[in-house]
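Reviewing the structure listed below.
None of the figures in this text is laboratory data; all of them are computed from the coordinates on show. Fair warning: this is a prediction, and the values are worked out from it, not measured in the lab. Note that each Cβ is placed from the backbone with ideal geometry, even for glycine, and that neighbours are counted across all protein chains shown.
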Amino acid sequence: MDGRITPDAGFTLIELMIAVTVLALLTTTVSLSVNRPSAGAGSDFARFQGVHARLAEQAVLSRQVLGLRVDADGYQRLAWRGGKWVSDGDRARWRNGVAVLQPFDLTAPLQFAPSGQVTRLKIRFEADEQVMICESDGWAGVSCGRG
């Protein structure tokens, strides 16, 4: 080797851009597949925790009483209008088995007050021999653990 650089040496800008694009696509595909929630009890209880936290926050910020009807089939957001509970969104269905242990009256929705207080609850989520119990004392957020 005589140390001279020929015009053919190295990569072109287009070749580098194609390599970077391919690496970005591979990285995105891997990160999306790894971060995707499973279809088991974990995703049901995680969804419920998120909905519960959002409604509690919205009730305080909007200074309105909000509701959430929860049963073995799914849940639905409710609003207090004209002296009664009315649907305030689509009904979401559970992916796996769910049992509402508290409140005992399933016709009464969970209520989210502007003061931050929420109806006490205890719900059991099941999937693939995995059991999660989610509870709230009415003041703290929902805490979930293996049942």
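Key figures for this structure:
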| item | result |
| --- | --- |
| Separation of the residue 117 and residue 102 label points, Cα + 7 Å toward Cβ, nm | 1.6 nm |
| Check: the stretch 41-146 dipole with +1 on Lys, Arg Cβ and -1 on Asp, Glu Cβ, in debye | 340 debye |
| Per-pair calculated FRET efficiency, R0 = 30 Å: residue 49 and residue 88 via Cβ, rounded to 0.05 | 0.95 |
| Extension gain from residue 139 to residue 73, taking 0.36 nm per residue of separation minus the Cα-Cα distance | 21.2 nm |
| Cut-off under 5 Å, modelled amide H: who pairs with residue 119 long-range | 111 |
| HN-Hα J in Hz across the stretch 103-120 - Karplus 6.51, -1.76, 1.60, θ = phi - 60°, x for Gly and Pro | x, 7, 8, 6, 7, 8, x, 5, 10, 10, 8, x, 6, x, 7, 10, 4, 4 |
| Sparse-neighbour loop sites [trypsin sites (Lys or Arg not before Pro); the stretch 48-85; at most 11 other C-beta within 10 Å; DSSP] | 63 |
| Interchain or long-range residues, amide H under 5 Å from residue 88's placed H | 77, 78, 79 |
| For a label point 7 Å along the Cα-to-beta-carbon line of residue 58, residues of the stretch 93-115 with backbone N under 13 Å | 112-113 |
| Rounded tilt (10° steps) of 41-62 against the dominant C-alpha axis of the chain | 70 degrees |
| With Cα atoms, 0 to 90° folded angle of helix 13-35 axis to the chain main axis | 30 degrees |
| Given the chain, longest segment not containing exposed loop chymotrypsin sites (Phe, Trp or Tyr not before Pro) (DSSP; at most 15 other Cβ within 10 Å) | 12-103 |
| Selected from 53, 19, 92 as most flexible by GNM, with the chain as the system and alpha-carbon contacts under 10 Å | 19 |
